[in-house]
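The values are calculated or read from the model by the stated rules, or taken from the named source; none is laboratory data. The structure displayed is predicted, hence computed values, not measured ones. FYI the Cβ positions are ideal-geometry reconstructions off the backbone, even for glycines, and counts take in every protein chain you see.
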Amino acid sequence: MDATKSPKTLQAAIVYFSDPDRCFAYATKLRWPDGKVTCPRCNTAKHSFIKTRRIWFCYTCKKQFTLKVGTIMEDSPITLDKWMTAFWMLCNCKNGISSYELGKALGLHQESAWFMLQRIRKVMQDDFFGSKLGGGSGEIEVDESFIGGKARNMHVSERKRRITGTGTKDKTAVMGILERGGKIRTTVVPNRKKAALQGEVRKHVTAGAALYSDALLSYEGLATDYAHQVVDHAVQYVDGRVHTNGLENFWSLLKRGISGTYVSVEPFHLHRYLDEQTFRYNTRKDMNDSQRFELAMSQVFGKRLTYVELTGKGTDSLHHETTGARETPIPF
């Protein structure tokens, strides 16, 4: 991709991608950087291009395919320019963007904008490929937090549905692992017990790394594999190099986005909002808006998220998120 021709601001991006041919060429270059277009179904390069419809016909499998086939945008009637704008905004708006705001900006129904944003969040997932933290600075912060609405801000009926106890009973536990000067990894955990938290630490942190945590008893025992030091928040928040302030900063950003922009997030979908904030946090220093957008767009291929999979409709194991959506699936 020619960096000199890529848009650098949201306004420039809207103008740049308003030209269908330019938008199509840009996305095509991202999908096939070497210029060799291959069929997403049979992975062969024997095809012809129908320019008037911007589709290819594969001579091997005898099927047509578009730029969207095999991507997170597959089966979506939403035009590429709107997808590009949505990607730019979600990647670069520090506190995210709500489906109502995006729908209004792009001229879409809120339900369509919500589905669109959830698919973009899937693109933002970081596949770790077995790599572990701690190989850089060697200093790792680990901390957990709880995500859940404040009872005083809820409608009475919603409060009765959500709040069934006190403290953290009806909140969702999340965990973060941060390498100072490097990246952060986050996940939803079932609880704050030793097995859950230490399992994540050993999965993501290189043995022997300097590990800093608070005084939660669930972290006891990590000293056998790591240079584990603890800061007791009942006494102090910083003890020289021993603190978790980097993760506290991340939790602040996450909760500001959830409370201020999204207002309410169901536990079933919380991991997607973690992925969104993690993506922006991990690219905050080394990338500008254009590079961050280009990275996200380059990851749309080979991924799919259907409406049924997203909402759990038609299954017994998943729960539908209250989004204001109709009770019948949206046709995409």
Check: Could you say which residue among 264, 218, 213 is out of contact with any Pro (no Cβ under 6 Å at 6 or more places or on another chain), polar (S, T, N, Q) and at pLDDT below 95?
Finding: 264
Note to self: Taking the conditions exactly as written (among the charged types (D, E, K, R), more than 29 Å from residue 117 (Cβ to Cβ) and touching a His at 6+ places or on another chain (Cβ under 8 Å)), does residue 239 satisfy them or not?
What the structure shows: no
Check: Within segment 185-212, which residues are touching a helix residue (DSSP H, G or I) at 6+ places or on another chain (Cβ under 7 Å) and within 26 Å of residue 170 (Cα to Cα)?
Finding: 185, 186, 187, 188, 189, 190, 192, 193, 194, 197, 198, 201
Next item on the list: Could you pull out the residue among 196, 223 that is within 28 Å of the chain's Cα centre (by Cα) and more than 12 Å from residue 142 (Cα to Cα)?
Entry: 196
Note to self: Going through 273, 212 one at a time, which residue ends up being touching a His at 6+ places or on another chain (Cβ under 7 Å) and buried (at least 17 other Cβ atoms within 10 Å of the Cβ)?
What the structure shows: 212
Margin query: Being in contact (Cβ under 8 Å) with a residue 40 or more places away in the chain and under 30 Å from residue 102 (Cα atoms): is that true of residue 179 here?
Written below: no
Next item on the list: Within segment 138-180, work out how many residues are farther than 16 Å from residue 213 by Cβ and at pLDDT below 90.
Entry: 24
Next item on the list: Filter segment 23-45 for residues that are surrounded by 13 or more Cβ atoms within 10 Å (Cβ to Cβ) and among the charged types (D, E, K, R) and give the result.
Entry: 29, 31, 41
Next item on the list: Tell me, yes or no, whether segment 217-231 has at least one residue that is part of a strand (DSSP E or B), surrounded by 15 or more Cβ atoms within 10 Å (Cβ to Cβ) and among the polar types (S, T, N, Q).
Entry: yes
Next item on the list: Among what's in segment 123-137 and is surrounded by fewer than 20 Cβ atoms within 10 Å (Cβ to Cβ) and at pLDDT 85 or above, pick the residue that is nearest to residue 196 (Cα to Cα).
Entry: 132
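Condition check ((1) in the same structural domain as residue 294 (by TED's automatic domain parsing); (2) under 18 Å from residue 299 (Cα atoms)) across all residues:
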residue: 21; (1), (2): no, no
residue: 36; (1), (2): no, yes
residue: 54; (1), (2): no, no
residue: 58; (1), (2): no, no
residue: 82; (1), (2): yes, yes
residue: 90; (1), (2): yes, yes
residue: 105; (1), (2): yes, no
residue: 110; (1), (2): yes, no
Check: Got at least one residue in segment 46-69 being surrounded by fewer than 20 Cβ atoms within 10 Å (Cβ to Cβ), in contact (Cβ under 8 Å) with a residue 12 or more places away in the chain and assigned to a helix (DSSP H, G or I)?
Finding: no
Next item on the list: Go through 275, 289 for me and flag whichever is within 22 Å of residue 29 (Cβ to Cβ) and touching a residue at least 60 places away in the same chain (Cβ under 8 Å).
Entry: 289
Next item on the list: Take segment 188-202 and flag every residue that is over 13 Å from residue 216 (Cβ atoms) and basic (Lys, Arg).
Entry: 202
